[in-house]
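One structure is given here, and the rest of the page talks about it.
The values are calculated or read from the model by the stated rules, or taken from the named source; none is laboratory data. These figures come from a predicted structure and were not determined experimentally. Heads up, the Cβs are rebuilt from the backbone with ideal geometry, glycines too, and the neighbour counts pull from every protein chain shown.
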Amino acid sequence: MKASQTITGTPFERLPMALLLLHRSCAQLQGAILMAERGMDVEARTLARGLLENAFLMAALHDNPDAARKVMWDDMDAAKKGQAKAIIKQGLSADIDKLQAAVASFGKVTNASPAELAELGPLNKLYLLYRVMSDDAVHPSGKSLRRHMKIADDGKSWNGFLVGPENPEKIALTLDQLLMIAIPLGVAFQQMVSDTENNSWMGEISERYQPLRVAREAAEPAA
């Protein structure tokens with residue numbers, strides 16, 4: 001997108017939302033790379049999962065902008081409704097009647113679902129990666145906690161804690177997945193703003209990346 005191009009409208013219109021999403025994505029991508037450089041794979045993958053959510057929304061804005069915007073409007077209202085209900089439940093406000101009226105005014109709304117957004121665009125195949133990252137890094141799950149355990153030779157018990165930089169192979173996988181997420185996100189944005197020059201550049205990056213991706217998959221041991 002050219003620096004002189006002006007985008008106007010409310011944040012939930014297609015192009016303003018795409019631009020805001022791009023700014024958020026650039027920050028998360030940079031943060032994930034910085035964490036990976038420090039060997040902090042869990043933290044890098046946590047940011048990578050956020051980037052993947054951005055990619056789902058960007059792709060949905062590209063293919064189904066009206067449906068994507070409705071999901072985001074509903075999500076905003078659902079967040080406000082949920083916060084109001086929490087205030088009521090915890091007795092944090094003296095004006096309960098006003099809050100209850102506000103809750104009723106929102107009607108039936110739901111929070112944005114990454115699965116729903118993924119189905120609105122061409123990146124639905126990456127939803128499995130979203131679930132994997134949620135399990136092995138983002139949530140305090142058995143799999144994510146195992147990352148900090150030094151497993152004994154018998155493979156069944158553990159005898160210490162793992163600290164310090166992550167295995168370089170795991171870091172390399174995370175960086176590979178970051179590229180897999182960031183490239184289509186960038187392509188979708190450039191197409192929406194009709195930036196032919198940078199869209200072509202993103203295409204060149206994608207062409208250079210694909211052979212590396214194939215080579216990496218071929219080198220990975222069979223599951």
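In table form, for the structure just shown:
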| quantity | calculated |
| --- | --- |
| Inter-residue pairs, beta-carbon under 9 Å, first closer than 15 Å to L175 by Cβ and in the stretch 200-212, second among the β-branched types (V, I, T), 6+ apart | I205/I183; Y209/I183 |
| Sole exception among (1) within 21 Å of the chain's Cα centre (by Cα); (2) under 25 Å from A60 (Cα atoms); (3) at pLDDT below 95 for V193, by number | (1) |
| Filter result for A55 (assigned to a helix (DSSP H, G or I), modelled with pLDDT of 95 or more and not acidic (D, E)) | yes |
| Filtered residues of the stretch 109-150 (kept if in a loop (DSSP other than H, G, I, E, B), without any contact (Cβ under 8 Å) to a residue 60 or more places away in the chain and touching a helix residue (DSSP H, G or I) at 6+ places or on another chain (Cβ under 9 Å)) | V109, T110, N111, A112, S113, S141, H148 |
| Of the criteria (1) within 16 Å of the chain's Cα centre (by Cα); (2) buried (at least 19 other Cβ atoms within 10 Å of the Cβ); (3) not small (G, A, S), which one K81 fails | (1) |
| Every pair of residues 6+ apart whose Cβ atoms lie under 9 Å, when the first sits in the stretch 177-194 and is closer than 16 Å to M17 by Cβ while the second is assigned to a loop (DSSP other than H, G, I, E, B) and among the basic types (K, R) | V193/K2 |
| Residue satisfying all of: in the stretch 144-164; of a type outside the set (F, W, Y) and surrounded by 13 or more Cβ atoms within 10 Å (Cβ to Cβ); nearest to H62 (Cα to Cα) among these | S144 |
